[in-house]
Amino acid sequence: MKKTFFNFNNTYHKLPKTFYQEIKPKPVSNPKLIEFNFELSKFLNVNNSVADQDQGKLIFSGNNLPAGAKPIAMAYAGHQFGNFVPQLGDGRAILIGEQIAKNGERFDIQLKGSGRTAFSRQGDGRSPLGPVIREYILSESLHYLGIKSTRSLAMVSTGETVLREEPLKGGILTRVASSHIRIGTFEFFFFKEDFSSLKKLADYSITRHFARKNKNKPYEYLLKSVIKLQAELVAKWMSVGFIHGVMNTDNTSISGETIDFGPCAFMDEYHPTRVFSYIDQGGRYSYINQGKIMLWNLSKFAECLIPLLDNNFETAKKKAINCLEIYPKYFEECWLDEMRKKLGFKKKIKDDHILINDFFKIMQSNNMDFTLSFRNLSKITSSKINSFFKKELKASKETKNWFEKWNKRLETENSSRLIISKKMLKINPIYIPRNHLVESVINQAMRENNFSKMRELLELVREPFKEKKSKNSYGLPPKPDEVITNTFCGT
């Protein structure tokens, strides 16, 4: 009898067969459990004895399926860089089951890099170890920064080689998500004009994610809820200088979680048009475009729901447009709320956006580091600027005027500068997984089979606001020869 590690309660598997492919992970030759997330495991009600090397390496590689597993590869479509692809799906990931966590909520347990599926197209269904490490670190970082994200339960090396531009060590990530339902999942059935399945998907999504809140007009409520979740998510990304990199509709989760960590990265020097995907030549998914692109993605989601919003097409279309019209103002409010906190503002004053945008202009014109600029702003406890800004800023009239206006604005808060500073230090991180740091730990792992630096970085991003003098180098931007301009997803 199999030992019980998970208490699976599988529901997506009960949907029609057109929603997925039943398939088992393909075993690997020599798996090894590299990392296990004990904190996440405890939250999920997972039996921690699964972290034992002998058990863990077999389960998290897919070589052994735990009791209760119902492995499936999910079907979905998607707009990739604006171009519609009618069938994508889990080409290198298999959902093994749904776990009920301590808070009563349901989470998918998925093995990413676990072999070919019906949706793999020309892919091998595998993942290099590098992207597995990247997603583990970045997803943990976002979580501890207070940003909704899928998370990573375990990391396994496969003992096999994955062929990309060169032979690479293989890896498998155990990903945890509120669900893996995407805008692209709705597009899959909408494109086929399979409105019966589309309704089943919408009803399932409402039951799983929005049932406690839903009263009347369920499909309008579904659309409005997803719109608000995505506005909140992108505003939080931008508040920490995070660039997703591939905001395709198949990479947009209806649960409002960050999902699919490909060419994502945190900015060093602030430049609004910064991209990190080497194929994004037009800057479609640049830092500054993320809010607009999410609205574009949501318009595709709204289009899919039109058959459910009303029997009359024109009426349904009008309802969809009315829902979408809430996004611009709501996104702006979310963005302003995040940025106000970063500048030490609790009150909402009409012209705050001018002061905020002027600070971004100062950062851009002086090629200043995004994270360190806000962190050092947090340390100012008087009307005088600190050594960081004295060094970084040009002695211009504009910058002097900005600090004068900022000081005057803080006076309206009716709070001491010391208290404001302490609050800002809990909002503006010192440790983020900078590109050059992530690449460094990946290179050490791939070349030397050494994961010590990876674990050190993980420890720091799990306490992003707590400065540690012995780890100063982790809070610094890259040197000129360390700058990483492109990242890759590893498919």
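The values are calculated or read from the model by the stated rules, or taken from the named source; none is laboratory data. All of these numbers come straight from a predicted model, not from anything done at the bench. We place every Cβ from the backbone using ideal geometry, glycine too, and count neighbours over all the protein chains shown. What goes into the accessible areas is simple: the full protein's heavy atoms, side chains included, and nothing from ligands, DNA or RNA. Shrake-Rupley method; radii C 1.70, N 1.55, O 1.52, S 1.80 Å.
Is the shape of the stretch 209-297 rounded, prolate or oblate, going by the alpha carbon gyration tensor and its root eigenvalues a ≥ b ≥ c, with a/c under 1.5 for rounded and a/b larger than b/c for prolate? Prolate, because a/c is 1.5 or more and a/b exceeds b/c. In this simple spin-label model, placing a label point 7 Å from the Cα along the Cα-to-Cβ direction at both Asp351 and Asn216 gives a separation of 4.4 nm.
Here the peptides 143-152, 417-426 are ranked by packing, the mean other Cβ count within 10 Å, and the order with the highest first is 143-152, 417-426. From the P(r) of the stretch 251-361, can you give the percent of Cα pairs sitting at distances over 24 Å? Here the long-distance tail beyond 24 Å is 43 percent of all Cα pairs in the stretch 251-361. Summarised in one figure, the compactness ratio Rg/Rh of the stretch 144-263, Cα atoms and Kirkwood Rh, is 1.04.
Considering only alpha-carbon pairs that sit under 8 angstrom and 6 or more positions apart, the relative contact order computed for the chain is 14 percent. Amide H to amide H distances under 5 Å link Val85 with Gly78, His79, Gln80, where only residues 5 or more positions off or on other chains count and H is placed in the peptide plane.
For the stretch 408-491, the relative contact order is 36 percent, taking Cα pairs closer than 8 Å that sit 6 or more residues apart in sequence and dividing their mean separation by the residue count.
Maximal additional length on extending the Gln87-Val483 stretch stands at 138.9 nm, based on 0.36 nm per residue less the C-alpha distance.
Packing-wise, with mean Cβ within 10 Å as the measure, how do 73-85, 253-265, 157-169 rank, highest first?
Details: 73-85: 18.7, 253-265: 24.0, 157-169: 15.1.
The peptides rank, most packed first, as 253-265, 73-85, 157-169.
For the chain, the longest principal axis of the C-alpha atoms and the axis of helix 129-144 are separated by about 60°.
Classification of the stretch 1-67 by its C-alpha gyration tensor yields an oblate form. The axis ratio a/c (a ≥ b ≥ c) is 1.5 or more, and b/c is at least a/b. Taking the longest Cα principal axis of the chain as reference, the axis of helix 218-239 is set at about 50 degrees.
State log₁₀ I(q)/I(0) for the chain at q = 0.09 Å⁻¹ as given by the Debye formula over alpha-carbon point scatterers of equal weight, solvent excluded. Log10 of I(q)/I(0), two decimals: -0.64. The string of couplings for the stretch 323-332 from the Karplus curve (6.51, -1.76, 1.60, θ = phi - 60°) is 5, 5, 5, 6, 5, x, 5, 5, 4, 4 Hz, one whole number per residue in order, with x for Gly and Pro. Would the stretch 324-467 count as rounded, prolate or oblate if I go by the C-alpha gyration tensor, calling it rounded below 1.5 in a/c and otherwise prolate when a/b exceeds b/c, oblate otherwise? Prolate.
Partner lysines whose Cα lies under 21 Å from the Cα of Lys292, excluding those fewer than 8 positions away in the same chain, are identified as Lys148, Lys224, Lys228, Lys236, Lys300, Lys317, Lys318, Lys319, Lys329, Lys361.
Extending 7 Å from Cα along the Cβ direction at Lys405 and again at Ala118 yields two label points whose distance is 5.9 nm.
Could you tell me what fraction of 2.2 N^0.38 Å the Cα radius of gyration of the stretch 44-187 comes to, as a two-decimal ratio?
Working: Rg = 15.4 Å, N = 144, 2.2 N^0.38 = 14.5 Å.
Taking N as the residue count of the stretch 44-187, the ratio is 1.06.
For Ser365 and Phe465, the FRET efficiency from 1/(1 + (r/R0)^6), where r spans their Cβ atoms and R0 equals 35 Å, is about 0.80. From largest to smallest, the equivalent ellipsoid semi-axes obtained for the stretch 345-404 from the alpha-carbon gyration tensor read 18, 14, 12 Å. On the basis of the beta-carbon distance and an R0 of 45 Å, Lys379 and Glu105 show a calculated FRET efficiency of 0.75. Rolling a 1.4 Å probe over the protein chains gives Lys32 an accessible area of about 100 Å². Here is the P(r) of the stretch 423-491: all C-alpha pair distances, binned every 5 Å from 0, give 3, 16, 23, 23, 20, 9, 4, 1, 0 in whole percents. Once the 1.4 Å probe is applied to the protein heavy atoms, the chain comes out at 44 Å² accessible per residue.
Taking only the alpha-carbon positions of the stretch 1-124 and ignoring solvent, what does the Debye formula give for the base-10 log of I(q)/I(0) at q = 0.12, 0.17 Å⁻¹? Log-scaled intensity ratios, in q order: -0.49, -0.92. Our coupling estimate for the stretch 336-346, obtained by passing each phi through the Karplus curve with A = 6.51, B = -1.76, C = 1.60 and θ = phi - 60°, is 4, 4, 5, 6, 4, 4, 5, 9, x, 9, 9 Hz, Gly and Pro reported as x. Quick one: Debye curve from the C-alpha atoms of the stretch 192-239, no solvent, what's log10 I(q)/I(0) at q = 0.13, 0.20, 0.29 Å⁻¹? Ignoring solvent entirely, the Cα scatterers give -0.37, -0.72, -1.02.
Each label was represented as a point 7 Å from its Cα along the Cα-to-Cβ direction; for Lys3 and Asn472 these points are 4.7 nm apart.
The loop-placed trypsin sites (Lys or Arg not before Pro) in the stretch 274-350, going by DSSP, that have at most 16 neighbouring Cβ atoms within 10 Å of their Cβ come out as Lys346, Lys347, Lys348, Lys350. In the chain, the calculated helix contribution to ellipticity at 222 nm averages -12500 deg cm²/dmol per residue, counting -39,500 (n - 2.57) for every DSSP H run with n ≥ 4. Take the solvent-accessible surface of the protein heavy atoms, probe 1.4 Å, and return the percent of it on the chain that carbon and sulfur atoms account for. The computed percentage sits at 51. Computed from Cα positions, the angle between helix 290-309 and the longest principal axis of the chain comes to roughly 40 degrees. The Kirkwood hydrodynamic radius of the stretch 105-202, based on inverse pair distances between different Cα atoms, is 15.4 Å.
If R0 equals 56 Å, the separation of the Cβ atoms of Asn386 and Arg164 corresponds to a calculated FRET efficiency of about 0.80.
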